[in-house]
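Worksheet for the structure shown next.
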Amino acid sequence: MSATAQKRPSLDDKDFIRYSRQIFLPEVGEAGQLQLKQCHVVIIGCGGLGLLAAQYLACAGIGSITLVDDDRVELSNLPRQLLFSEADIGQHKALVAKQKLAVLAPNCQLFAFAQMLTLDSAESLLAHVATANRQQSALLLDCTDNLAARHSINQLCIEHALPLVSASIAAFNGQLFAVDQRRFPAGGCYHCVFPNDTYAPQNCSNQGVLGPSVGVMASMQALLAIQLLLSATAPILDHSTKPQAGGVEHLLGQFWRFDAKSLQWHSARLTRDSECEVCAPSWNANTAQALKSVHK
Amino acid sequence: MRFVVILIHLNNVPQTLQQPLSLQALLEAQNISQQSVALVLNETVVPRHRWSSILCHHEDKIDVFAVVAGG
Ligand SMILES: [Zn+2]
């Protein structure tokens, strides 16, 4: 049966066994597993973070995954990019990853684009997640290795109202947070924390990194993504809602830093920058819309 | 003559300020380039454009850190 012909997706006996350890969790259950099956996750960057996150998400039963990266596999990638081997050197990361994930996660519908994501190419590239995004079952993982790409991706996610989970790692420092303009606009966006004129001294290619540090951040990114997707049907928060402990607001309104030397995590509340060049316009439009409906 | 002694913790290091400083002035005094860091004041991220208008208070906990863009 093709995915499009399937009106109401269901789990077969094999699915129940495969995903049993997830279904056992009351927070997931059969309904949650089915929900994941209808989700589409876009992963930009198929390096250490992107590959590991893709593996976790594909094997967890996410229905569709789109991989985007114009890089090719290099020998120096192999200590962290565990899906690749020497035989893959010189090939496009996104295409090799798609092939290997298809074997590991036969239930997952995979798409691969061996190209860079730009604001221009994004329209066509993301057209096939539009339906999932309207149904609040789409999400984008930023797993890129430079600040310019991260700024473009944030802008794209704000423009498309696509939830974003951003993770990064260089040397012994990791950072993680999620942005969702529909569910928690008060948390702001990537630009609210790191505006366009931010100077980035660190990246993996000039700083070095240990593989397991990348693994920690990729696991957290995948974990955050799964929980946001599972809670996507929770009520949308209005602008005045304050984050509550244990709720999804808590996951959306936090900025986490990981120190891979001391193994310590630090979290801080995110705040929207009222003058943010990227998310302020959509905030103003939404607030105007909300006021209009209140005064009706 | 009036003395104001403000004790703050900057990246877990106690610092004494002899006069009230804005977050921006604090970074300047520490030779930290504003464009290279994000700032957390008492466990809340403070957007960069507000750094000039917020004064350090006694017992403030301030963390500054560089953006990490690697993946
Ligand atoms: Zn913003």
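The values are calculated or read from the model by the stated rules, or taken from the named source; none is laboratory data. What you are looking at is a predicted structure, and each value in this text was computed from that prediction instead of being measured. FYI the Cβ positions are ideal-geometry reconstructions off the backbone, even for glycines, and counts take in every protein chain you see. Heads up: the accessible areas ignore ligands, DNA and RNA and are worked out on the full protein's heavy atoms, side chains in. Shrake-Rupley method; radii C 1.70, N 1.55, O 1.52, S 1.80 Å.
Among the residues of segment A:98-109, what is the count of those that are buried (at least 19 other Cβ atoms within 10 Å of the Cβ) and of a type in the set (A, V, I, L, M)?
Selection size over segment A:98-109: 2.
Would you call residue A:141 out of contact with any Asp or Glu (no Cβ under 6 Å at 6 or more places or on another chain), touching a residue at least 40 places away in the same chain (Cβ under 8 Å) and not basic (Lys, Arg)?
yes
Just give me the residues in segment B:38-63 being hydroxyl-bearing (Ser, Thr, Tyr) and within 9 Å of chain A (Cβ to nearest Cβ), in sequence order.
B:44, the sole residue that qualifies.
Any residue in segment A:265-280 that's farther than 15 Å from residue B:41 by Cα and more than 8 Å from every other protein chain (Cβ to nearest Cβ): show its pairings with residues that are within 10 Å of the ligand (Cβ to nearest atom) and open to solvent by 70 Å² or more (accessible area, probe 1.4 Å) at Cβ separation under 8 Å, as long as the two are six or more apart or on different chains.
A:280/A:274
Considering only segment A:185-199, state which residues are more than 7 Å from chain B (Cβ to nearest Cβ) and open to solvent by 10 Å² or more (accessible area, probe 1.4 Å).
Selection gives A:186, A:196.
Out of the residues in segment A:124-170 that are of a type in the set (Asp, Glu) and over 16 Å from residue A:282 (Cα atoms), state the one that is nearest to the other protein chains (Cβ to nearest Cβ).
Within segment A:124-170, the match that is nearest to the other protein chains (Cβ to nearest Cβ) is A:145.
Restricting attention to strands (runs of 3 or more DSSP E) lying wholly within chain B, give those where 3 or more residues are out of contact with any Cys (no Cβ under 6 Å at 6 or more places or on another chain) and surrounded by fewer than 17 Cβ atoms within 10 Å (Cβ to Cβ).
Result: B:13-17.
Given the criteria open to solvent by 40 Å² or more (accessible area, probe 1.4 Å), part of a loop (DSSP other than H, G, I, E, B), modelled with pLDDT of 95 or more and among the aliphatic types (A, V, I, L, M), does residue A:95 qualify?
no
Starting from segment A:100-122, keep only residues that are without any contact (Cβ under 8 Å) to a residue 12 or more places away in the chain, then list their pairs with residues that are open to solvent by 50 Å² or more (accessible area, probe 1.4 Å) whose Cβ atoms are within a distance under 7 Å, requiring at least 6 positions of separation or different chains.
Short answer, once both residue conditions are applied: A:121/A:115.
Any idea how many residues of segment A:157-193 are within 13 Å of the ligand (Cβ to nearest atom) and farther than 24 Å from residue A:211 by Cα?
So the count comes out to 16.
Any idea which of (1) part of a helix (DSSP H, G or I); (2) within 14 Å of the ligand (Cβ to nearest atom); (3) at pLDDT 80 or above; (4) within 22 Å of the chain's Cα centre (by Cα) is the one residue A:278 doesn't satisfy?
In the conditions (1) part of a helix (DSSP H, G or I); (2) within 14 Å of the ligand (Cβ to nearest atom); (3) at pLDDT 80 or above; (4) within 22 Å of the chain's Cα centre (by Cα), residue A:278 misses (1) alone.
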